[in-house]
Each structure stands twice: as C-alpha cells, then as structure tokens.
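Reading through the structure tokens given below for one structure.
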Amino acid sequence: MEKFQTLRSGVVPLPIENVDTDQIIPARFLKATTREGFGQNLFADWRYAPGGQPKADFVLNDPRYQGHQILLAGQNFGCGSSREHAAWALYDAGFRVVISSYFADIFRGNALNTGLLPVQVTEPELQALFAAVQADSDLALTVDLRAQTLRVPGRAEPIRFGLDAYKKECLLSGYDDIDFLLSQESAITTFEQHRPWIF
C-alpha cells in the first residue's frame, strides 16, 4: 500500500445516508480478481444513465470536484453486504479519505486494509462540513494521520478522530497485514531463538 501521512485535498460531497456497498459498487461489476479497474464503476447506477452516458446532476460528474481525494458522505456509509470491492472501488477512483459520522464496521475494516482512511466525526461536525463545502466548492481539508486531526479552513481547532493504533501504524508505513509481519521478522526470529522449548 502507499504510505499515508498527511493529505490536503478538496472534498466531494455526497450527503446521502445509508449508502450501502451495492450502491458503491453494484454486484454485476464484481467479476474481476484484482483490485484494479473498479473505480470506473464507482456509484455506477447513480453516475451513469442506462446508455452509459454520465448523469450531469451526479456529484462525481461535476467538474468542480474532479481530482478531489476526500469523500464527504452521509451517516452509516458502507452498510449492507461485506464486499471489500466497495473499498477497492473508492481507492481505485482516487479517494484516500472518506468522512462520515458513522461507518459500517466491516466497511471500515476493508477500507483500512485497502489504504483508505475512514474518518469518523460527530453528526454536528459532519453537517458543518457539508455546509462549508456547499458554500465553497474549492474548500480544501487537511488530514494529518499522525496527529489524527482534520483541519478545516476557518475553524480554530482541528477536528480529532479516533483510529486503531495497529491500523494507524500500517497506514503510516504503507503496510498491509503481511507487510507488517515481515517487518517484524527480526523480533520474531529473536523470540524464537530465546524462548524455552518444551518437548
């Protein structure tokens, strides 16, 4: 995975609650065996008309938000089935952070395993962020993973967010679970050499 330390980016607002994994990536696109290529079908049923033409009124087709790496989503994002492809699609589409007031637990785990950072804020903080983006489509947020803060222009104090310490270390180092184990090879070898053996 790519290392994640600090990100400053514009924001794509998606003020819809209870977005499930089938809406994020419809089941008919789950035939691939690698993580690449899912981004083009992210939110496909909302993003494209039946003939494949982009819908002008969907936020991902709005030129004001092109290239932004932070998705601002409504409460209970990533609910529904446990498909990891939802996180893959978001990451493949260029997103590195999703902000919401609540994430489904399985989606949160899949996101972190993919290198996608789920930032959970309070509902009032979420609504304030939606209002700020609506007022200024060029608004840029700064996510500092090491400090676990979200800085918002015009706000005196940063928003703080929680994160599992192990997953934080993996993101900072660019490790998946196997990479982390390999990084501990020396400590594991030392332990094995010095632990008492019972036969």
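The values are calculated or read from the model by the stated rules, or taken from the named source; none is laboratory data. Please read these numbers as outputs of a predicted model, since none were measured by experiment. No Cβ is skipped: glycine too gets one built from the backbone with ideal geometry, and neighbour counts run over all protein chains shown. For accessibility, only protein heavy atoms count, side chains too; no ligands or nucleic acids. Shrake-Rupley method; radii C 1.70, N 1.55, O 1.52, S 1.80 Å.
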For this session: List, in order, the whole-Hz ³J(HN,Hα) value for each residue of segment 61-72 obtained from phi through the Karplus relation with A = 6.51, B = -1.76, C = 1.60 and θ = phi - 60°; use x for Gly and Pro.
Result: 9, 7, x, 5, 10, 5, x, 6, 10, 10, 9, 9
Exercise. At Ala187 and Arg64, where each label point lies 7 Å from the Cα along Cα→Cβ, what is the point-to-point distance in nanometres?
Worked result: 4.8 nm
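Run the numbers for Ala56 and Asp177: contour at 0.36 nm per residue of separation, minus the present Cα-Cα distance, in nm.
39.6 nm
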Seminar exercise, completed: Under the Karplus relation with 6.51, -1.76 and 1.60 and θ = phi - 60°, whole-Hz ³J(HN,Hα) for segment 142-159, x at Gly and Pro, equal 10, 9, 10, 5, 4, 7, 6, 10, 10, 9, 10, x, x, 9, 5, 9, x, 7
Problem set entry | Long-range HN-HN contacts of Val12 with modeled amide H, under 5 Å | Ile70, Leu71, Leu72
Exercise. Computed FRET efficiency, Cβ-Cβ of Gln5 and Asp105, R0 25 Å: what is it to the nearest 0.05?
Worked result: 0.50
Exercise. Protein chains only, probe 1.4 Å: how do Lys31, Lys3, Lys167, Lys55 rank by accessible area, largest first?
Worked result: Lys31, Lys3, Lys55, Lys167
Problem set entry | segment 6-192, accessible surface, carbon-and-sulfur percent (1.4 angstrom probe) | 51 percent
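How would segment 6-192 be classified by its alpha-carbon gyration tensor: rounded, prolate or oblate, with rounded meaning a/c under 1.5 and the a/b versus b/c comparison settling the rest?
oblate
Over segment 6-192, what is the relative contact order in whole percent, taking alpha-carbon pairs under 8 Å and six or more residues apart? All intermediate terms of the calculation are to be shown ahead of the outcome.
Numbers: 322 pairs, mean separation 42.6, N = 187.
Relative contact order for segment 6-192 comes out at 23 percent.
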Exercise. If packing is taken as the mean number of other Cβ atoms within 10 Å per residue, what is the order of 186-196, 99-109, highest first?
Worked result: 99-109, 186-196
Exercise. With the other protein chains left in place, how much accessible area per residue, in square angstrom, belongs to the chain at a 1.4 angstrom probe?
Worked result: 54 Å²
